[in-house]
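Beneath this line is the structure, given in structure tokens, with notes to follow.
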Amino acid sequence: MPVTDGLIVIAKRDCPTCLLVEPLLGALAAAGPLTVLVQDDPAYAAGVPGAELDATLEHSFRLNTEFVPTLIRMQGGREVARAYGWHRGDWREVSGIATLGEGLPELRPGCASKTLDPGVAEALQLRFGNTGLTARQVSIGDAEDPVEACFARGWTDGLPVVPPTPERVLRMLAGTTRQPGEVLGLVPPDLAPCTVEKVAINAVMAGCKPEYMPLVLAAVEAALVDEFGMHGVLCTTMFCGPMVIVNGPLGRAVGVNSGVNALGQGHRANASIGRALQLVIRNVGGGRPGEVDRSTLGTPGKYSFCFAENEIPEWEPLHVQRGFAREASTVTLFAGEGVQGVVDQKSRTPESLAKSFAACLRVVDHPKLAMAGDAVLVVSPDHCRVFLEAGWSKQRLHDELMRLLTVPADALLAGADGIAEGLPAALAGKQIPKFRPGGLLIVRAGGGAGLFSAIIAGWAASGSVGSIPVTQEITA
Amino acid sequence: MTSPPILLDPTSERSPVARALSPRPDSLAGKSVAVLDISKARGDVFLDRISALLAGQGITVNRYRKPTFTRPAPVALRQQIAAENQLVIEGLAD
């Protein structure tokens, strides 16, 4: 045990500053009780009274050592002073030896403590610390492939997951200031309580970096807001899954793609954040296809669907439209189906392009249905430029689309055009908007070349009857 | 990696419990049957017919309706159905 009244030095041989102070250890030992904790090689401080090898690094860990050398003054079992690196004045003050280190330079920075080596910190925390982890530990066989073990236990979406070892989960939890035991809410369909720890476990499996945790937590919280209707989004026979739209600086900071191939593959943040949300629904909520998830066809977005808006000053980003400050960071959840391309390479006026968008938006769900599914229109930079050059704001485009998409119901009635599907006869003679108020969202995203935009149809039970898009601020 | 290998359970840790079905009644005589419309399209066609058939046998039929099929039935409705009936029939999907 290190001394409880006296001095403790923590050092390693593989540190030039530790070697610099090694000749001083004799003087420290002569002045009073001393423990020298050596992190790597017992040849260091050999022969100095009180020197010992901290082979497991337990003492270094318990003393919260960040640097070597570290000099600590203990009194009655409590730390009363600390110096790190070599600073002559500090060492003289902590040791009480006024002439310590005469002839040495005044200042030399130290090195990192071995307790902070990659992978070591989490292992030490698991072995000696209070991790706050409470999830059930699942032992797998020594010869069992951990990736296969996750498949065998039904934890995956069909693709391999990163096995959620305690070390990885601890690293993931370092990405948030929230406590592992904090409950975010009840995850449908089982209405199981979801802790920050469970989110971290599923984020590990999805392939997230710890820095994505605040985004994943916000996405899970948004999914649990009643208006989003996650239970119905999951259990419907229709196509949808929770799509995540990221706005604000935090998305850019962690690299959520809003540019080339924004709706496609190839970006870790996009792929893993959307997937983490889906794995939480699957594993914590119990929402598995073929069980409560009854989707007839589903959609590839149910693996993962996450992208960021490519924000520019001239067009109000989605989170600002939805009442948040521009500098805020948010996730917006939308019960999205698949991606339908809008190809218009000839329109050079906003009027023409808006008509193209309206014509394509008309087929969401079915050309003869209205006020059923919401939609997200993803406007590419090339298409956006047509509106910017004509001075059209995003709101003006939205209002023009709503105007173009409000049509007489007669042509859409059930039976009209020889198609049984359609609106109820009671709507005859009325003007009907395609989308309910608030049901058409517009975001700007995509690469810099291509006169193409995209429509992502929403669940045909959009609105208060099913799902309303929910925007949640990303905190910590 | 810890040894032996340890993974943290990503699930809600609810052990699957095989729940036995409730015993089937020998007869519907003297029982009240709830007929629950979950607001799915054309569910009422099926439920109207089955209600008529049950009523024709002199069985008490109570009709209920969920506000939307996208959400579980409100707690109050579930409690009302349980309090007023011994059986429930619902039209689950279209």
Residues of segment A:33-54 being in contact with a strand residue (DSSP E or B) (Cβ under 6 Å, 6 or more places away or on another chain) and either touching a residue at least 40 places away in the same chain (Cβ under 8 Å) or crowded, with 20+ Cβ neighbours inside 10 Å (or both), which ones? A:Leu34, A:Thr35, A:Val36, A:Leu37, A:Val38, A:Tyr44, A:Ala45, A:Gly50, A:Asp54
Test each condition in (1) under 24 Å from A:Met238 (Cα atoms); (2) buried (at least 23 other Cβ atoms within 10 Å of the Cβ) for A:Gly446 and report the one that comes out false. (1)
Is there any pair linking a residue in segment A:65-81 that is more than 12 Å from A:Thr35 (Cα to Cα) to one that is crowded, with 22+ Cβ neighbours inside 10 Å and of a type in the set (D, E, K, R), with Cβ under 9 Å and at least six apart or on different chains, and which? A:Val68/A:Lys12; A:Pro69/A:Lys12
Please count how many residues of segment B:37-54 are outside any helix (DSSP H, G or I) and away from chain A (no Cβ under 14 Å). 1
Do any residues in segment A:293-313 that are away from chain B (no Cβ under 14 Å) and within 23 Å of A:Ala269 (Cβ to Cβ) have Cβ atoms under 8 Å from those of residues that are of a type in the set (Asp, Glu) and not in a loop (DSSP other than H, G, I, E, B), where the two are at least six apart or on different chains, and which pairs are they? A:Thr299/A:Glu337; A:Gly301/A:Glu337
What residue, of A:Val162, A:Val120, A:Val183, is surrounded by fewer than 19 Cβ atoms within 10 Å (Cβ to Cβ) and at pLDDT below 95? A:Val120
When you check B:Leu77 against the structure, is it at pLDDT 85 or above and touching a Cys at 6+ places or on another chain (Cβ under 8 Å), yes or no? no
Would you be able to tell me the number of residues in segment B:55-89 that are within 11 Å of the chain's Cα centre (by Cα) and more than 14 Å from chain A (Cβ to nearest Cβ)? 5
Can you tell me which of (1) under 25 Å from A:Gly103 (Cβ atoms); (2) surrounded by fewer than 21 Cβ atoms within 10 Å (Cβ to Cβ); (3) in contact (Cβ under 8 Å) with a residue 40 or more places away in the chain is the one A:Arg13 doesn't meet? (3)
Please state which one of A:Leu57, A:Leu71 is surrounded by 20 or more Cβ atoms within 10 Å (Cβ to Cβ) and more than 17 Å from A:Leu124 (Cβ to Cβ). A:Leu71
Pick from A:Leu100, A:Leu7: which is in a strand (DSSP E or B), touching a residue at least 12 places away in the same chain (Cβ under 8 Å) and farther than 30 Å from A:Arg171 by Cα? A:Leu7
Which residues, taken from segment A:290-314, are among the aromatic types (Phe, Trp, Tyr) and touching a Ser or Thr at 6+ places or on another chain (Cβ under 7 Å)? A:Phe307
For the structure I just gave you, tell me whether A:Arg92 is among the basic types (Lys, Arg) and not in a helix (DSSP H, G or I). no
For segment A:136-167, which positions are assigned to a loop (DSSP other than H, G, I, E, B) and within 13 Å of A:Ala200 (Cβ to Cβ)? A:Val162, A:Pro164, A:Thr165
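This table checks each residue for (1) within 25 Å of A:Pro180 (Cβ to Cβ); (2) of a type in the set (Asp, Glu); (3) out of contact with any strand residue (DSSP E or B) (no Cβ under 6 Å at 6 or more places or on another chain).
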position: A:Tyr212; (1), (2), (3): yes, no, yes
position: A:Thr236; (1), (2), (3): no, no, yes
position: A:Pro242; (1), (2), (3): yes, no, no
position: A:Val246; (1), (2), (3): yes, no, no
position: A:Asn257; (1), (2), (3): no, no, yes
Tabulated pairs, segment A:454-468, first more than 10 Å from chain B (Cβ to nearest Cβ), second among the aromatic types (Phe, Trp, Tyr) and in a strand (DSSP E or B), C-beta under 8 angstrom, 6+ apart or interchain: A:Ile456/A:Phe334; A:Gly458/A:Phe334
Restricting segment A:131-168 to residues that are under 30 Å from A:Gly298 (Cα atoms) and among the aliphatic types (A, V, I, L, M), the residue that is farthest from the other protein chains (Cβ to nearest Cβ): A:Leu159
Does segment A:17-25 contain at least one residue that is among the β-branched types (Val, Ile, Thr), modelled with pLDDT of 95 or more, within 46 Å of the chain's Cα centre (by Cα) and within 17 Å of A:Leu116 (Cβ to Cβ)? yes
Please state which one of A:Leu170, A:Leu133 is part of a helix (DSSP H, G or I) and not β-branched (Val, Ile, Thr). A:Leu170
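The values are calculated or read from the model by the stated rules, or taken from the named source; none is laboratory data. Computed from a prediction, not measured in an experiment: that's the story for all the values here. Methodologically, a virtual Cβ is constructed for each residue, glycine included, from the backbone with ideal geometry; neighbour enumeration extends over all protein chains shown.
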